[in-house]
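Quick notes on the structure that follows.
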Amino acid sequence: MTRRVNVGGVPIGGGAPISVQSMTTTQTSDIAATVAQVARLEAAGCEIVRVAVPDMAAAEALPAIRKAISIPLVADIHFDYRLALAAIRAGVDKLRLNPGNITDPACIAEVAEAAASAGIAIRVGANSGSLAPLYLDAHGRASVAGMVESALHEIRILERQGFEAIVVSLKATDVRMTIDAYRAIAREVDYPLHVGITEAGTVWEGAIRSAVGLGVLFAEGLGDTVRVSLAGDPVEEVRAAYEILRSLGLRSRGLDLHVCPTCGRTGIDLASIAGEVRTALADVAEPIKLALMGCVVNGLGEVRDADVGLVGSKGQGSIYVAGEVVAAAVPEVELAAEIVRVVRGTIAERKHA
Ligand code: SF4
């Protein structure tokens, strides 16, 4: 078991639920846009948010952002340790330092001392794309050993300052390399692990690569907090993270949607209905399992195991709650709206139960 590190009231490690993080894509100096994006991320279930701090203008925006949001705020720092000091003064809950581009032990020690006084955590975040030359292999490429050594070097500097509120990440674009790097660092230290596949891609390929890599790690018990990196709306990162965690029974939140792939037996446009329902219920935070099935073949079994279910037939479908029919022979055009109504009603009833 890893140690536990507190990040603005959210525990990371030591058996705490795996927390879901994301990172804003706005200019951090644009306070209004950043706060608005954080609000959307929080509504989607994001529990810790990171913002880029590339310059002093971004650092100066941090106090206002911190004040306007309610989830812990992490400052992402590269190259200039003075930005880390400014972020600490601004009241952030955690720093991410890149051991590849802030390498001077004296500077790191100064940041550690300030972070310790402020009572905040530091993530040592090594990345295959930004390792210091010292840690690249003979061909100038990143390796598992190089990533681990780079992270350990910075961890040891922090430890020499008596600083132990450390979280570690070793992200690579290569899924196998990422898996091996986390396995290797977990043999060396017991600090909590922030896991992710870096630069994974747009939502489609990024979600798949992340699911493969993170799925292996989580199944092995590695990983205490997660950020799924996707190019696109960061809300998708949060959704993808929960879907990965839900697949392994590690977290449950919102709609747990199961849809049959459809086949020649399907008599309704099930994929469109599923898409409509999914969009309409995107705001649901309560865990609820919904099974949308094209016909009775697997439908009757699936709806028995779901909170709400649909079994389609030609041009219509029947809706079930806990395996019991609540609306029979609903015409296809009304199915999506009716399913949404039944799901919301089921959630409301649970709340009043
Ligand atoms: S549940 Fe029915 S419609 Fe869906 S894939 Fe299976 S046989 Fe086809």
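Scanning the range 44-57 for residues that are hydrophobic (A, V, I, L, M, F, W, C) and within 21 Å of Asp233 (Cβ to Cβ) yields Ala44, Cys46, Ile48, Val49, Val51, Ala52. Any residue at all in the range 103-124 that's modelled with pLDDT under 95 and within 27 Å of the chain's Cα centre (by Cα)? Checking the range 103-124: not a single residue is modelled with pLDDT under 95 and within 27 Å of the chain's Cα centre (by Cα). Here Ala241 clears all of (1) within 14 Å of the ligand (Cβ to nearest atom); (2) touching a residue at least 40 places away in the same chain (Cβ under 8 Å) except the condition numbered (1).
Scanning the range 316-338 for residues that are in contact with a strand residue (DSSP E or B) (Cβ under 7 Å, 6 or more places away or on another chain), more than 16 Å from the ligand (Cβ to nearest atom) and part of a helix (DSSP H, G or I) returns a single hit, Glu338.
Checking the conditions here, which among Arg183, Arg176, Arg187, Arg156 is at pLDDT 95 or above, in a helix (DSSP H, G or I) and either outside the structural domain of Val111 (by TED's automatic domain parsing) or closer than 23 Å to Val111 by Cα (or both)?
Details: Arg183 fails: either outside the structural domain of Val111 (by TED's automatic domain parsing) or closer than 23 Å to Val111 by Cα (or both); Arg176 fails: either outside the structural domain of Val111 (by TED's automatic domain parsing) or closer than 23 Å to Val111 by Cα (or both); Arg187 fails: either outside the structural domain of Val111 (by TED's automatic domain parsing) or closer than 23 Å to Val111 by Cα (or both).
Of the residues listed, the single one that is at pLDDT 95 or above, in a helix (DSSP H, G or I) and either outside the structural domain of Val111 (by TED's automatic domain parsing) or closer than 23 Å to Val111 by Cα (or both) is Arg156.
Restricting attention to the range 217-255, report how many residues are crowded, with 17+ Cβ neighbours inside 10 Å and over 23 Å from Asp283 (Cα atoms). So the count comes out to 5. Counting only helices (runs of 4 or more DSSP H) that sit completely within the range 1-117, those holding 3 or more residues that are in contact (Cβ under 8 Å) with a residue 60 or more places away in the chain correspond to 31-43. Hey, among the residues in the range 244-271 that are touching a residue at least 40 places away in the same chain (Cβ under 8 Å) and small (Gly, Ala, Ser), which one's nearest to the ligand (Cβ to nearest atom)? Checked the range 244-271; the qualifying residue nearest to the ligand (Cβ to nearest atom) is Gly267.
Only a single item in (1) surrounded by 20 or more Cβ atoms within 10 Å (Cβ to Cβ); (2) modelled with pLDDT of 95 or more is not met by Ala68, and it is number (1).
Restricting Arg227, Arg251, Arg239, Arg278 to those that are more than 30 Å from Met147 (Cβ to Cβ) and modelled with pLDDT of 95 or more reduces the list to Arg278. Right, Ala285: over 16 Å from Ile339 (Cα atoms), modelled with pLDDT of 95 or more and either surrounded by fewer than 21 Cβ atoms within 10 Å (Cβ to Cβ) or more than 16 Å from the ligand (Cβ to nearest atom) (or both) or not? Yes.
For the range 288-313, a residue qualifies if it is farther than 30 Å from Glu42 by Cβ and away from the ligand (no atom under 11 Å from the Cβ), and the qualifying residues are Arg304, Asp305, Gly309.
The values are calculated or read from the model by the stated rules, or taken from the named source; none is laboratory data. Source: prediction; values computed, not measured. Positions of Cβ are backbone-derived with ideal geometry, glycine not excepted, and every protein chain shown enters the neighbour counts.
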